[in-house]
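Reviewing the structure listed below.
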Amino acid sequence: MEVPLMVAVSDAIIAPAMCDVVDPATGAILLSDQTALTQLDAVRILPQRRWVFRAQWAGKAVFAKVFVGAQAAKYASRDAQGVRWLTQAGLATPALLWQGHSADQRASVLIYAAIVPADNADVLYRTSSSTQGLHLLKQLVHTLAAQHTAGLVQTDLHLKNFLLADGKVWSLDGDGIQQATLSKRQAYRQLAELISKIQVLDQHAWVAPLLTAYDTARGWHATLPAATLLRWAKQLKAQEVERYVTRKIFRTCSDVIWQQSSQSVQAVSTAGGLHLTDLPALEVAMHVGQVLKPGNTCTVAHTHLQDQSVVIKRYNIKDWLHGLSRAWRPSRAASSWRNAHRLQYYGMLTPQPLLMYEQRYCGMRGRAYFVCAYSPWPDAQAFFQQCTDDAMRERVIHQLVTLCYQWSLLKVSHGDMKASNLQVTNQGEIVVIDLDSMQQHRRSQMALRAHAKDIRRLLQNWQADTSLYNALVKSFSLIYQDHTPLRLAGISL
C-alpha cells in the first residue's frame, strides 16, 4: 500500500475531540455555511491528513471526510473529482451532499450520504462461507472490470473500499479514483491486487474462476495464465504486509500510538485498550504476576496491567557482552510485535498484541518488553491428551496442518513449533504464541528448509503417540499439494 491503510479506530484512544477542528465544548464541527456536523463518531484516520466521521448533518445520517494539513484542499478536491467520475460512469457510489470548509477555514470537508443498510465487503468476506465468498469476489471483479471499461482506475484497492447494498456494489474512496486507459497487463495487475486482499488458500482456490469472470466482463479471450496472476497476487500481498509490519506499526497511525524519547520507545495498539506506560509500571506488574517462564534471556509472566489480563514477556540482558550484541539490533520484543501483527494481517489467530516497550541508552537498546492479551486456552499437547471427542480431534488436526500449509504458501516459518506454542480454542481453532523467531522468507529455498524444520519439530511433539502421529502425517499428505517439504521433513508417504 503506497497510502497507509485506514482502519477502524478505538474511541478509547483516538476520540473525535482529538481532531483540531472539532469544537471541544459541543463535540461538533461548525461548517462555513453555519450548519454543523454533530454526533461525531471517528471511523478512520490518516494522521495529520484526514479524518472520517460517521455523523448527523441537516437531519441526515452521513459520512464526513475532514481533510487537514497544508494539502487539505488538494486531497478534498481529488476525492470529490473521483466521485464525480464514478457517477458519470454509472457506477454506484455514495452521493456527495456538500463540499466546503470548516467555519474556521482550517479544514476542507466533504459530506457523503450514508448508505444504510449496507455491508462492508471486507466484513462480508471474513464472515462468508467459501461459496458465498467466491460469489462476493466475483461481484467485486465485475465492478473492477466496469471501472476499467469506463477508463477509471482505483489506485487504493481494498475490500474496505466497497459496500454491498440494494443488490449492488458501491465503490468508495474517490481519492483513489483516477482516469487512465490500462493496457491488458496493467488491468491484470489491478486484478491481481484485488485478489491479493483475500486469504492465501482462497487465492489458490479462486484465481482461475476470478480470472474467467474478469475476462468475460471485459469481453476478452483468456490471454493470461492463472498461475501468473496468482504469482503476482502473492507478491503484492507479501510487499503489502512487509510495508505494514516494518514501517506502519513502528510509528503513530490508525493502529498504533508511538512514543519515543532518549530513554525509551513504546508502541501501543489503539485497538487493545491500553495506554502509554512506563518502566516501573511494567516491572510492578511482572512482580505481582504469576511467572510462567523464568529465564536468563527471557521472563514471561501472566499479570494485570491497567486492569487488563495480559502476558508480559521481558527480554533480559544477561551481561555487558550480551547487551552490546543486542544494542544495535531490533529487539526480540519488536520481532514479537511485528510478527503478531503479521499473523493478524493474514487473518491468523494470535493473542492481541497490546504494547511493545524498549529501554534506550543514547540510542542503544536495552531490556525490552512485549505485552499481549492473555489467552486462556490449553496448549496442543494438553488438548490432545484430554480430548475425547473424535470429531473435534479430527478438526484440530485439520486446522493445525492447514495452518502449516498456509505458512508454506506464504514462506513463513515459526522457528519453535513446540506444542506449548500452539493453543487450541473451544472451537478447535489454533492460536499461535511465542513469535520472536518467526520469519517470512524472501527466498524459496530458505523458506522450504525452514518449513521442513517446523514440520519435523511439530511431529516430534507426538512421536510417542503413534495414533496421533499417523493422523497428522495422513493429514499432511492430503492437504499439501506439493509433498517436497514433507519429504525434506523426513516423512515417509
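Between Gln239 and Gln179, how high is the FRET efficiency from 1/(1 + (r/R0)^6) when r is the Cβ-Cβ distance and R₀ = 45 Å? Nearest 0.05.
Efficiency, from the Cβ-Cβ distance: 0.95.
Probe 1.4 Å, all protein chains in place: accessible area of Ile29 in Å², nearest 10?
0
Listed here are the pairs Lys197/Lys248; Lys293/Lys453; Lys160/Lys248; Lys237/Lys474; which of them are more than 26 Å apart at the Cα?
From Lys197/Lys248; Lys293/Lys453; Lys160/Lys248; Lys237/Lys474, over 26 Å: Lys237/Lys474.
Treating the beta-carbon of each Lys and Arg as +1 and of each Asp and Glu as -1, no other charges, what is the dipole magnitude of the chain about its Cα centre, to the nearest 20 debye?
The dipole of the chain has a size of about 1640 debye.
How much accessible area per residue does the stretch 24-140 have, in Å², with a 1.4 Å probe?
49
Show His287, His275 ordered by accessible area, largest first, where the area counts protein heavy atoms only and the probe is 1.4 Å.
Sorted descending by solvent-accessible area, the residues read His287, His275.
Between Ala205 and His398, what length in nm is gained on full extension when 0.36 nm per residue of separation is reduced by their alpha carbon distance?
67.7 nm
In Å, what Rg and Dmax follow from the Cα atoms of the stretch 301-442?
Calculated on Cα positions, Rg and Dmax stand at 16.8, 57 Å.
Points 7 angstrom from Cα along the Cβ direction at Arg78 and Asp104: gap in nanometres?
Using points 7 Å along Cα→Cβ, the separation is 2.6 nm.
Dividing the Cα convex hull volume of the stretch 365-493 by residue count, how many Å³ per residue is that?
Cα-based convex hull of the stretch 365-493, divided per residue, equals 124 Å³.
Tilt of helix 279-288 relative to the longest C-alpha principal axis of the chain, in degrees (0 to 90, nearest 10)?
Taking Cα atoms only, the helix is inclined about 50 degrees.
Give the Rg/Rh ratio for the stretch 10-114, taking Rg as the radius of gyration of the Cα atoms and Rh as the Kirkwood radius, to two decimals. List each step's numbers first, then the result.
Numbers: Rg = 13.2 Å, Rh = 13.8 Å.
On the Cα set of the stretch 10-114, Rg over Rh gives 0.95.
Using 0.36 nm per residue, how much length does the chain from Thr223 to Val291 gain when fully extended, once their Cα-Cα distance is taken away?
Going from the current span to full extension adds 18.5 nm.
Along each principal axis of its Cα atoms, how long is the stretch 35-194 end to end? Whole angstroms, biggest number first, please.
Answer, in whole Å and largest first: 47, 34, 28 Å.
Can you give the accessible area of Asp465 in Å² (nearest 10), computed on protein heavy atoms with a 1.4 Å probe?
60
Please work out how much length the chain gains when fully extended from Ser467 to Ala95, using 0.36 nm per residue of separation minus the C-alpha to C-alpha distance, in nm with one decimal.
Working: separation 372, 0.36 × 372 = 133.92 nm, distance 6.12 nm.
Using 0.36 nm per residue and subtracting the Cα-Cα distance, I get 127.8 nm.
Can you give the relative contact order of the stretch 82-168 as a percent, counting alpha carbon pairs under 8 Å and 6+ residues apart?
Once normalised by length, the contact order is 31 percent.
Using a 1.4 Å probe on the protein chains only, how many percent of the accessible area of the stretch 120-203 belongs to carbon and sulfur?
Numbers: 1630 of 3330 Å².
On the stretch 120-203, the fraction of accessible area on carbon and sulfur atoms equals 49 percent.
Roughly how tilted is helix 390-410, in degrees to the nearest 10 and between 0 and 90, from the longest Cα axis of the chain?
The angle comes out at about 70 degrees.
Sequence gap at least 6, Cα distance under 8 Å: using those rules, report the relative contact order of the chain to the nearest whole percent.
It rounds to 9 percent for the chain.
Spelling out what I want: for every residue of the stretch 471-486, take phi, set θ = phi - 60°, compute 6.51 cos²θ - 1.76 cosθ + 1.60 (Karplus), and round to whole Hz; glycine and proline get x.
5, 5, 4, 4, 5, 4, 5, 7, 7, 6, 6, 10, 8, 4, x, 5
Can you give the accessible area per residue of the stretch 360-439, in Å², using a 1.4 Å probe?
On the way: 3410 Å² over 80 residues.
On a per-residue basis, 43 Å².
Using +1 at the C-beta of Lys and Arg and -1 at the C-beta of Asp and Glu, which of Tyr214, Val432, Gly347 has the Cα lying farthest in the positive direction of the dipole of the chain?
Projecting each Cα onto the dipole axis, the largest value belongs to Tyr214.
List the aspartates and glutamates whose Cα lies under 20 Å from the Cα of Lys74, skipping any in the same chain that are fewer than 8 positions away.
Glu2, Asp20, Asp104, Asp156, Asp173, Asp175
Given a 1.4 angstrom probe, I'd like the percentage of the accessible area of the stretch 238-309 that is carbon and sulfur, rounded to a whole number.
The C+S portion of the solvent-accessible surface of the stretch 238-309 is 52 percent.
Mind giving me the FRET efficiency for Thr87 and Asp482? R0 is 51 Å, r the Cβ-Cβ distance, nearest 0.05 is fine.
Values: r = 47 Å, r/R0 = 0.93.
Given R0 = 51 Å and the Cβ-Cβ separation, E is 0.60.
Along the charge dipole of the chain, which of Gln266, His101, Leu410 sits closest to the positive end, that is, farthest toward it, with unit charges on the beta carbon of Lys, Arg, Asp and Glu (+1, +1, -1, -1)?
Looking along the dipole axis, the top candidate is Leu410.
Over the stretch 199-275, give the accessible area per residue in Å² for a 1.4 Å probe, as an integer.
The answer is 43 Å² per residue.
The values are calculated or read from the model by the stated rules, or taken from the named source; none is laboratory data. Since we're looking at a predicted model, the values are computed, not measured. So basically every Cβ, Gly included, is an ideal-geometry build from the backbone, and we count neighbours across all protein chains shown. When the accessible area is computed, the model is the full protein with side chains, heavy atoms only, and any ligands, DNA or RNA have been set aside. Shrake-Rupley method; radii C 1.70, N 1.55, O 1.52, S 1.80 Å.
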